[in-house]
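As structure tokens, the structure follows; a few thoughts come after it.
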Amino acid sequence: MIAFRVEDWRAWAPGLESTADWQDWARAPHAMPDDAQAQPACGFLPALQRRRLGRLARMTLETAWPLCGEGEQLPFVFGSRHGETPQTLTLLSDIVDGQPLSPTQFGLSVHNAIAGQWSILRGQRGESAAIAGEADTFEHALLEGVLQLAAGAPSALVVVAEELPPPAYAQWIADVPFSYAVALRLGKTDATTSAGSDWRLEQARGDGATPCAWPHALDFVRALLAGENTFQHTWKARRWNWQRIR
């Protein structure tokens with residue numbers, strides 16, 4: 001069992017950028033149209049740096065950037081089950097076509113590349129981690145963030161992001177209804193402040209129940225905005241019990 005405070009959060013998806021947009025979505029969750037062209041503005045970066053970012057990286061930075069203060073050093077956890085599938089497909093297609101691979105594109109396709117880009121662009125010198133799990137990658141990334149708090153960090157950033165995969169992957173990837181990124185700034189539970197909300201997360205043995213209707217990170221946003229105090233995410237033999245402490 002772990003306990004933590006969500007000090008602040010941000011989320012992005014095509015057509016869902018403001019808190020008001022997400023509140024509307026939480027009242028009636030539905031799949032958002034995603035033509036793979038819509039992407040965050042990332043207006044806090046110079047144009048040259050923006051052009052070098054892939055879509056998944058832009059989504060991650062768009063949500064995480066406002067949660068980190070100027071000059072603040074925070075542990076960073078990036079979670080994604082599927083990672084840079086569009087870039088990977090492009091590289092594989094180049095191999096099939098007998099084209100030379102781009103070292104830059106290959107370097108940006110590895111799973112910890114986005115954490116590295118965050119460190120460089122924000123001047124972060126602290127701990128960072130890249131997590132790739134199953135459908136409950138969200139919970140595993142949160143566990144890593146809480147462990148950073150236990151190691152002495154005052155706060156930690158956790159971002160879980162997925163990009164709608166190319167059609168070639170549709171047979172194998174069915175858990176990304178649309179592209180999204182959810183960023184949480186975590187802190188230790190503190191009874192002296194009312195900022196944010198405190199949560200308890202406990203893992204129990206699952207019974208193979210039907211998986212959550214939405215990716216776990218999106219369902220957490222839905223529950224957060226709906227004011228739910230308890231809910232569950234089940235994946236295979238793992239049942240994650242969520243409880244809002246206050």
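The values are calculated or read from the model by the stated rules, or taken from the named source; none is laboratory data. Given the structure is predicted, the values throughout are model-derived calculations rather than measurements. Glycine gets a Cβ as well: all are built from the backbone with ideal geometry, and neighbour counts include every protein chain shown. With ligands, DNA and RNA removed, areas are computed over all heavy atoms of the protein, side chains included. Shrake-Rupley method; radii C 1.70, N 1.55, O 1.52, S 1.80 Å.
Would you work out the charge dipole size for the chain about its Cα centre, treating the Cβ of every Lys and Arg as +1 and the Cβ of every Asp and Glu as -1, and quote it to the nearest 20 debye?
It comes to approximately 380 debye.
Run the simple label-point estimate for Ile245 and Ala170 please: 7 Å along Cα→C-beta, distance reported in nm.
4.5 nm
Name the GluC sites (Glu not before Pro) in segment 1-106 that are in a loop by DSSP and that have at most 10 other C-beta atoms within 10 Å, would you?
Taking segment 1-106 and a limit of 10 other Cβ atoms within 10 Å, the loop GluC sites (Glu not before Pro) found are Glu70.
Order Leu53, Leu225 by their accessible area, 1.4 angstrom probe, all chains in place, largest first.
Per-residue accessible area, sorted high to low, gives Leu225, Leu53.
Which percent, to the nearest 5, of DSSP beta bridges fully inside the chain are antiparallel?
Once the DSSP bridges in the chain are tallied, antiparallel ones form about 80 percent.
State in Å² the accessible area per residue of segment 2-244; use a 1.4 Å probe, count heavy atoms of protein chains only, and round to the nearest integer.
47 Å²
Positive end of the dipole of the chain, charges at C-beta (+1 Lys, Arg; -1 Asp, Glu), about the Cα centre: which of His216, Ala183, Ser128 has its Cα farthest in that direction?
Positive-end residue among those listed: Ser128.
What is the gain in length, in nm to one decimal, between Lys236 and Gln37 on full extension, counting 0.36 nm per residue of separation less the C-alpha to C-alpha distance?
68.3 nm
So what is the calculated 222 nm ellipticity per residue for the chain, using -39500 (n - 2.57) for each DSSP H run with n of 4 or more, over all residues, to the nearest 500 deg cm²/dmol?
My calculation for the chain gives -9000 deg cm²/dmol from helical runs alone.
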